[in-house]
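Presented below is the structure to which this report refers.
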Amino acid sequence: MESQRSAIWASMRASEDRIMASVHRKRLHVAGWTVLSAAAAITTLTSTAAPAVAQPISIPGLGIIEVPDGLPFLGDPPASSPPVSKTTGERAVEVARSKLGAQYSMGGTGPDSFDCSGLVQWSYRQEGIELPRTSYEQLGAGAPVASDDLQLGDLVFFYGGDHTGLYAGDETVIHASTYGRGVEISPISTMPLIGARRF
């Protein structure tokens, strides 16, 4: 009975090892690496003339292999992707998020307290973009954007233009709300949206 369990366990381990090896080969392939089987890798390594100095290594399941110093590289590593640059709007939202919890203050333009248009203006100013001061002036500037085409950082306007914030994704807005609430993220659906602008 014990030998049957051992045989089943060994079979399960071998099957699991093959599956994991296959998963790792696929991940490396997706990352752009050339993946060789163990036999192909050993043939490639040993077909190169070994210099006078070689280092023996032990590979479980394969045995001891003499590895020559100065092995040829078997493939180029994948080229690193250039960093994805963020839009000015995305960066403005990140700046605004850094002020979550800051106090609301009528006429506040930061950096410690804000009114709604002051938060929007301050966030864009940190990214080198100068916006008009009031929500009504902001609504009259920039490029109009349809509500179904909103992107991170688009200015969204509510209550006839009396209130503004930055579109924060997932149908939310980051805005300086009111006294006692300050800078927060709210669902857009909680206020009557009247328009949006992109800078």
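The numbers here are math on the coordinates, done by the rules we state, and not lab data. Not measured: the values here are computed from a predicted model. Glycine gets a Cβ as well: all are built from the backbone with ideal geometry, and neighbour counts include every protein chain shown.
What are the residues in region 170-199 that are in contact with a helix residue (DSSP H, G or I) (Cβ under 8 Å, 6 or more places away or on another chain) and free of Cβ contacts under 8 Å to residues at least 24 places away in the same chain, if any?
Across region 170-199, the qualifying residues are 171, 172, 173.
Which ones in region 137-151 are farther than 16 Å from residue 193 by Cβ and touching a residue at least 24 places away in the same chain (Cβ under 8 Å)?
Kept after step one, since they are farther than 16 Å from residue 193 by Cβ, are these residues of region 137-151: 137, 140-141, 143.
Within region 137-151, 141, 143 qualify.
Tell me which residues, restricted to region 81-97, are surrounded by 13 or more Cβ atoms within 10 Å (Cβ to Cβ) and not hydrophobic (A, V, I, L, M, F, W, C).
Once the filter is applied, which keeps residues that are surrounded by 13 or more Cβ atoms within 10 Å (Cβ to Cβ) and not hydrophobic (A, V, I, L, M, F, W, C), region 81-97 yields 86, 87, 88, 89, 90, 91, 94, 97.
Determine which member of the set 183, 145 is among the β-branched types (Val, Ile, Thr) and surrounded by 20 or more Cβ atoms within 10 Å (Cβ to Cβ).
Values: 145 fails: surrounded by 20 or more Cβ atoms within 10 Å (Cβ to Cβ).
Being among the β-branched types (Val, Ile, Thr) and surrounded by 20 or more Cβ atoms within 10 Å (Cβ to Cβ) holds for just one of 183, 145, which is 183.
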